[in-house]
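Below: the structure, in structure tokens.
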Amino acid sequence: MPRLLTYNVHRCVGTDKRLDVDRIVAVIGEHEPDIVCLQELDVGRARTGKVDQAERIAEGLSMTSRFHPAMQVEAELYGDAIMTPHPERLIRADSLPSVRGIPGLEPRGAIWSQITIDGVAVNVFNTHLGLVPKEQRLQAAALTSATWLGGCTGPTLLAGDFNATSITRPYQTLCRKLEDCQRQLKLKPSIKTFPSGFPAIRIDHCFVSPEIRIRSVRADYSPLARVASDHLPLIIDFDVVQSGV
């Protein structure tokens with residue numbers, strides 16, 4: 001049974017303000033995932049010691065990494081990655097739309113990789129949406145368009161930090177294309193991942209196509225996970241089935 005883990009790692013700086021890439025590796029490695037979707041990675045940034053966090057985490061997990069820099073300032077990069085020990089190929093990595101005239105907004109992006117697990121090709125999307133509802137709506141619309149999810153067929157998972165709860169319009173836009181994995185299981189109460197010390201908000205999601213049957217959804221509430229980042233990792237076990245089965 002394949003396992004996906006999605007995790008906003010907060011540039012590997014924990015709630016104790018300590019920078020520790022190896023601690024993030026330990027949290028992820030405990031769950032032995034087949035697919036890892038990470039948000040808020042620093043690559044070559046002075047503030048985190050100019051380490052390539054994507055490559056360092058992938059090496060620690062014995063995985064390959066596809067990193068997309070949503071933001072680039074000269075040689076310093078900041079963005080998201082998909083990691084896996086399985087055969088994979090990059091389909092697309094690109095920016096998502098933003099809004100003008102609002103100071104302080106960070107650029108956002110998404111990655112689409114096709115990962116082959118037990119002979120089955122699975123489409124995996126990873127993203128990190130903005131903080132402002134207007135940009136979130138634009139970004140969700142872009143993700144459901146023909147150049148992203150609209151151009152995708154077969155088993156599909158869309159994971160990441162959406163900065164949007166289940167009552168928001170961006171979430172509802174995505175649910176018209178894919179199903180929230182927690183709703184497929186009718187989980188009550190829902191699994192929340194933010195903030196890590198006292199998780200009360202559900203903004204980390206995984207949406208799936210009809211070919212994906214969810215077996216379990218959980219968060220890591222261990223003492224290590226609670227301090228390693230300001231988010232907890234969301235862990236999804238699934239099977240690939242025929243559509244409609």
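The values are calculated or read from the model by the stated rules, or taken from the named source; none is laboratory data. Quick caveat, the model's predicted, so the values are computed rather than measured. Cβ coordinates were reconstructed from backbone atoms using ideal geometry, including for glycine residues, and neighbour counts include every protein chain displayed. Quick note on the areas: whole protein, heavy atoms, side chains included, nothing else; ligands and nucleic acids left out. Shrake-Rupley method; radii C 1.70, N 1.55, O 1.52, S 1.80 Å.
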Original post:
What 222 nm value per residue comes from the helices of the chain, counting each DSSP H run with n ≥ 4 as -39,500 (n - 2.57) and dividing by all residues, nearest 500 deg cm²/dmol?
Top reply: -5000 deg cm²/dmol
Subject >> If the convex hull is drawn through the Cα atoms of region 90-135, its volume per residue in Å³ >> reply: 71
**OP:** Could you tally up the Lys pairs in the chain with alpha carbons closer than 25 Å? Skip any pair fewer than 8 positions apart unless they're on separate chains.
**Re:** 7
Original post:
When the accessible area of the chain is computed with all protein chains present and a 1.4 Å probe, what percentage of it is carbon and sulfur?
Top reply: 52
**OP:** Using the heavy atoms of the protein chains and a 1.4 angstrom probe, tell me the accessible area per residue for the chain in square angstrom.
**Re:** 44
Subject >> log10 of Debye I(q)/I(0), alpha-carbon scatterers only, for region 59-130 at 0.18, 0.23, 0.25 Å⁻¹ >> reply: -0.74, -1.02, -1.12
**OP:** Provide the per-residue ³J(HN,Hα) series for region 131-147, in order, calculated from phi with Karplus coefficients 6.51, -1.76, 1.60 and θ = phi - 60°, each as a whole number of Hz, with x at glycine and proline positions.
**Re:** 9, 9, x, 5, 6, 4, 5, 5, 5, 5, 5, 5, 5, 8, 7, 5, 7
Subject >> Sites matching GluC sites (Glu not before Pro) across region 48-97 that sit in DSSP coil, with at most 14 neighbouring C-beta atoms within 10 Å >> reply: E74
Original post:
In region 162-245, which trypsin sites (Lys or Arg not before Pro) are in a loop and have at most 14 other Cβ atoms within 10 Å, using DSSP for the loop call?
Top reply: R176, K186
Original post:
When the Kirkwood hydrodynamic radius is evaluated over all pairs of different C-alpha atoms of region 21-99, what value in angstrom, to one decimal, is obtained?
Top reply: 13.2
Original post:
Kirkwood-based Rg over Rh for region 199-240 (C-alpha set), two decimals?
Top reply: 1.04
Original post:
What percentages, rounded to whole numbers, describe P(r) for region 145-230 computed over all alpha carbon pairs with 10 Å bin width beginning at zero?
Top reply: 16, 46, 29, 9, 0
**OP:** Give, as a single signed number, the net charge of other residues whose beta carbon lies under 11 Å from the beta carbon of V25, with Lys and Arg counted +1 and Asp and Glu -1.
**Re:** -2
Subject >> Within region 85-151, trypsin sites (Lys or Arg not before Pro) in DSSP loop having at most 15 other beta-carbon neighbours inside 10 Å >> reply: R100
**OP:** Counting residues in region 161-210 as N, plug N into 2.2 N^0.38 Å and put the Cα Rg over that result.
**Re:** 1.11
**OP:** In nm, give the distance between the simple-model label positions of V241 and A121, each being 7 Å from the Cα along the Cα-to-Cβ direction.
**Re:** 2.4
Subject >> Over the chain: Kirkwood hydrodynamic radius from C-alpha pairwise inverse distances, Å >> reply: 17.8
Subject >> Calculated FRET value between D16 and I167, using beta carbons and R₀ = 51 Å, to 0.05 >> reply: 0.95
Subject >> Computed lengthening from R89 to A141, 0.36 nm per intervening residue step minus Cα-Cα distance >> reply: 16.3 nm
Original post:
Mean projection of the alpha-carbon convex hull of region 71-210 over all orientations, in nm²?
Top reply: 10.1
Subject >> Rounded, prolate or oblate (a/c below 1.5 giving rounded, otherwise prolate when a/b exceeds b/c) for region 1-135 by Cα gyration tensor >> reply: oblate
